[in-house]
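**Q** My questions all concern the structure below.
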Amino acid sequence: MSTPTFSPAAEPALWARSASELNALYAAGQATPEDALSSVLERLEAVNPALNAVIALDRAGALAAARASTERWRAGTPLSPLDGVPVSVKDNILQQGLPATWGSRLYRDFVPQRDETPVARLRATGALLFGKTNVPEFTLQGYTDNLLFGVTGNPFDPTLTPGGSSGGAVAAVAAGIGPIALGTDGGGSIRRPAGYAGLFGLKPSRGLVPRAHGFPTILHDFEVAGPLARTVADIQLTLSVIADGFAPAAVTAPLRILFAPTFGAAPVDPEIAASLEEAARQFEAMGHSVERAEPFLLAEPMLDIWPVVSQTAAAAVMEEHPGQDHLIAPALAEMVRQGAARSATEYLGALNRITAMGREFDALFARHDILLTPAAAALPWPAHELYPTQIAGRPVGPRGHAVFTPFANVLGLPGLSIPVRPSATGLPIGAQIVGPHGSDARLLALAAAFGEVPRSSA
């Protein structure tokens, strides 16, 4: 089996085009939304059997939407920049008429009758919602596998994971099954998979993308919906539709960047560390000031906070399904057991520690504009394994690969994964940039400028 990597030719097929490029082709009459959807569905048939990225299709609904969009473009009346653009939706986000299983046999037969808010906004502005993407059960783990649909592979090597929980979303976009995916990020579930798949992935500021009519909230207000795409421009186009009051910005002055090569003493894969060092030098070459933070200790409370949050989240879901623990995966059942044993006092203590940590980060962002870190501490690992057990020759636990992302969730900060120099074997590596609340547009502008600068070969 050949590896179904994303490798557009000199004249890319429509499935390889960005949303921005499709807009231009539609406006010029050189292609139609029907053409684009047909190309994406053909690409899906070619590569999805090896990847298992898309697990439910609304072929008839998407074709009908594409016909209507084609007529609007011919009349010169498109509804939005995403009119006629194929977009996939993560399986923990409700889309009318398609199964929403949350990766669990508990929801095998659940088909919602209304769209969750971001999906409703995409539909109302003409996006072609063609399918749902795979997730780990309850979206609480950093790889993508479940007892309903099985494992999802990485387009750069299907034997390896694309991460999680937006693993199906990034695998789809990286393989050319639609230029944009709608995902969620509760502890890094957009940013880490984006890094593993060579994509841009935004965890928006808390409150920027409204959510309603979805699954029960399990990660407090830490989880947000956001876009994944192959270009910054497509992230911006998506936010123009799903977010409240988003407007692109430009970086008009040098930024003060704080570079944290690691958090505390957490091990980082040597190739990731080298690529991040190169990225830091590149930001300096762009005229920004870069200060190293060694050691970086402000996120250390997350080591105690995250187990409380994630385990009690799993237990809360299962309280709605008494006597059905046999339907969930053993690893998740263990999380449920641990969460049920925790007290309300522990949960309140975790929230209080988050408040204290927030004050520390407010002080950091008074001195610096951007925090630069790796998106993940490990390269992609075998797809069937929950997590890597070693990083840089040192043993790590279930969150060893994920140390850099959850702080932004609990503090409501925007975080963006950007592709940097890949590994020696061609596996993608992501850098994470985080800013103060509301700085989403600045992060995207910085990423766009970074992407325009030639990468070093060092």
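**Q** I want to confirm something. Restricting to region 70-91 and keeping residues that are more than 16 Å from Gly178 (Cα to Cα), part of a loop (DSSP other than H, G, I, E, B) and touching a residue at least 24 places away in the same chain (Cβ under 8 Å), which single residue is most open to solvent (accessible area, probe 1.4 Å)?
**A** Kept after step one, since they are more than 16 Å from Gly178 (Cα to Cα), are these residues of region 70-91: 70-80.
Add one more test, that the residue is part of a loop (DSSP other than H, G, I, E, B), and what stays is 76-80.
Those still in the list that are touching a residue at least 24 places away in the same chain (Cβ under 8 Å) too: 78-80.
On the way: Pro78: 52, Leu79: 95, Ser80: 17 Å².
The residue in question is Leu79.
**Q** To continue, here is another question. Can you pull out every residue in region 213-229 that is open to solvent by less than 40 Å² (accessible area, probe 1.4 Å) and outside any strand (DSSP E or B)?
**A** If we filter region 213-229 for residues that are open to solvent by less than 40 Å² (accessible area, probe 1.4 Å), which is where we start, we get 214-215, 218-219, 222, 224-229.
Gly214, Phe215, Ile218, Leu219, Phe222 - these are the residues of region 213-229 that are open to solvent by less than 40 Å² (accessible area, probe 1.4 Å) and outside any strand (DSSP E or B).
**Q** Take Thr252 and tell me if it is buried (at least 22 other Cβ atoms within 10 Å of the Cβ) and assigned to a loop (DSSP other than H, G, I, E, B). Can you show your working first?
**A** Numbers: buried (at least 22 other Cβ atoms within 10 Å of the Cβ): no; assigned to a loop (DSSP other than H, G, I, E, B): yes.
Against the criterion (buried (at least 22 other Cβ atoms within 10 Å of the Cβ) and assigned to a loop (DSSP other than H, G, I, E, B)), Thr252 does not qualify.
**Q** Do you know which residues across region 103-126 are under 24 Å from His321 (Cα atoms), open to solvent by 10 Å² or more (accessible area, probe 1.4 Å) and in a loop (DSSP other than H, G, I, E, B)? If you could, list the steps in order and put the result at the bottom.
**A** Going residue by residue through region 103-126, those that are under 24 Å from His321 (Cα atoms) are 103-116.
Imposing the further condition that a residue be open to solvent by 10 Å² or more (accessible area, probe 1.4 Å) reduces the set to 105-111, 113-115.
Answer for region 103-126, where residues must be under 24 Å from His321 (Cα atoms), open to solvent by 10 Å² or more (accessible area, probe 1.4 Å) and in a loop (DSSP other than H, G, I, E, B): Arg108, Asp109, Phe110, Val111, Gln113, Arg114, Asp115.
**Q** Filter region 19-40 down to residues that are closer than 27 Å to Gly167 by Cβ and open to solvent by less than 10 Å² (accessible area, probe 1.4 Å), then give me how many there are.
**A** The initial filter retains those residues of region 19-40 that are closer than 27 Å to Gly167 by Cβ, namely 19-22, 36-40.
Cutting the leftovers down to open to solvent by less than 10 Å² (accessible area, probe 1.4 Å) gives us 19, 22, 36-37, 40.
Total satisfying the criteria: 5.
**Q** I've got another one for you. Grab the strands (runs of 3 or more DSSP E) fully contained in region 127-207, keeping just those with 2 or more residues being without any contact (Cβ under 8 Å) to a residue 24 or more places away in the chain, polar (S, T, N, Q) and open to solvent by 10 Å² or more (accessible area, probe 1.4 Å).
**A** Working: elements: 128-133, 180-185, 200-203.
Output list is empty.
**Q** Moving on. Kindly indicate whether Ala62 is modelled with pLDDT of 95 or more, within 18 Å of Arg123 (Cα to Cα) and buried (at least 18 other Cβ atoms within 10 Å of the Cβ). Give the derivation first.
**A** On the way: modelled with pLDDT of 95 or more: yes; within 18 Å of Arg123 (Cα to Cα): yes; buried (at least 18 other Cβ atoms within 10 Å of the Cβ): yes.
Spelling it out, Ala62 is indeed modelled with pLDDT of 95 or more, within 18 Å of Arg123 (Cα to Cα) and buried (at least 18 other Cβ atoms within 10 Å of the Cβ).
The values are calculated or read from the model by the stated rules, or taken from the named source; none is laboratory data. No experiment lies behind these values; they were computed from the predicted model shown. Here the Cβ is made from the backbone with ideal geometry for all residues, glycine too, and neighbour counts use every protein chain on show. All accessible areas refer to the heavy atoms of the entire protein, side chains included, with ligands and DNA or RNA removed. Shrake-Rupley method; radii C 1.70, N 1.55, O 1.52, S 1.80 Å.
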